[in-house]
Amino acid sequence: MRLNNKAIGSKIRFDEDNPYAVEFMGYIEDLLNQPLVKKLDKFDQHFRTSRLQHCLNVAYYSYRIGLKIGADPRECARAGLLHDLYWYDWHYKKTPQLHAFLHPRLAVKNASRLAKLSHREKDAILKHMWPLYPGIPRYKVSYAVTMADKYAAGLEVCYNWGSHFGTKIVSFVGGIFQ
Ligand SMILES: [Fe+2]
Ligand SMILES: [Fe+2]
């Protein structure tokens, strides 16, 4: 497993006695232990970040954004973790539609098999590519997840950039949610 025990950019470790870490892990622990979620570790997302790490980053930042904007933090964390639940490498696999349009629908379908999703969680997973995906997010949870996805992707790119400048950006921007 290539999983860190914290979100990229965050200083809070998931196994520490921090109120955010304890609450967050309580919301997602059952899903993290599912073999089909663990399997996301086999795929890369942004450069060398595993898809599992990316999903965990999005889950954590969705949870934190959700707390700030008054969305249900549990739904934010769970929809964030499941938002990219598909098991192919889109760089190499030919798909019938553009990956940006296909994978949110696939993720909703796959996630529904693992857990009972609320209509807000489904909307959040389906619209996480907004504004690329047709359809406007309907709930605060959906806005938390789509914002967290972009925030996490930016941090992952800078983190994997590997330069001094990239590391500085990650520690500076990541400081928002310390
Ligand atoms: Fe995605
Ligand atoms: Fe994503």
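Every number in this text was worked out from the coordinates using simple rules, so none of it is lab data. None of these values were measured; they are calculated from a predicted model. Because the Cβ atoms are built from the backbone with ideal geometry, glycine has one as well, and the counts that use them run over all protein chains shown.
Taking each full run of DSSP H in the chain as one helix, which ones are at least 15 Å long along their axis (Cα atoms) and have mean Kyte-Doolittle hydropathy of at least -1.0? List each step's numbers first, then the result.
Numbers: long enough: 19-32 (20 Å, 0.55); 51-69 (26 Å, 0.04); 99-114 (22 Å, -0.09); 140-161 (32 Å, 0.14).
Taking the DSSP H segments of the chain (at least 15 Å long, mean hydropathy at least -1.0), we get 19-32, 51-69, 99-114, 140-161.
Can you tell me the FRET efficiency between residue 38 and residue 150 if r is taken as the Cβ-Cβ distance and R0 is 30 Å, rounded to the nearest 0.05?
On the way: r = 25 Å, r/R0 = 0.83.
Working from the Cβ atoms, E equals 0.75.
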Would you mind getting me the FRET efficiency between residue 16 and residue 90? Use the beta-carbon distance for r and R0 = 45 Å, nearest 0.05. 0.85
Cα centroids of region 84-105 and region 121-156: how far apart, whole angstrom? 16
If you only keep lysine pairs separated by 8 or more in sequence, or across chains, how many in region 19-177 come under 16 Å at the Cα atoms? 8
So how strong a dipole does the chain carry about its Cα centre when Lys and Arg Cβ are +1 and Asp and Glu Cβ are -1, to the nearest 20 debye? 480
Out of every Cα-Cα pair in region 38-123, what percent are more than 15 Å apart? 59
What is the packing order of peptides 14-22, 59-67, 107-115, taking the mean over residues of other C-beta atoms within 10 Å and listing the highest first? 59-67, 107-115, 14-22
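Rounded, prolate or oblate, given the Cα gyration tensor of region 23-68, with a/c below 1.5 counting as rounded? If you can, show how the numbers build up before the last one.
Values: a/c = 3.96, a/b = 1.34, b/c = 2.94.
Taking the square roots of the gyration eigenvalues as a ≥ b ≥ c, region 23-68 is oblate.
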Starting from one equal scatterer on each C-alpha and no solvent at all, send me the Debye-based log10 I(q)/I(0) for region 96-172 at q = 0.12, 0.28 Å⁻¹, two decimals. -0.43, -1.19
Can you tell me the length gained on complete extension of the stretch residue 48 to residue 105, counting 0.36 nm per residue apart and subtracting the Cα distance? 18.1 nm
Using only Cα positions of the chain, each an equal point scatterer, no hydration layer, compute I(q)/I(0) via Debye at q = 0.17 Å⁻¹ and quote the log10 values to two decimals. -1.04
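Output the Kirkwood hydrodynamic radius of region 1-85, Cα pairs only, in Å rounded to one decimal.
12.7
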If I model a spin label at residue 138 and residue 97 as a point 7 Å from the Cα along the Cα→Cβ vector, what separation in nanometres do I get? 1.7
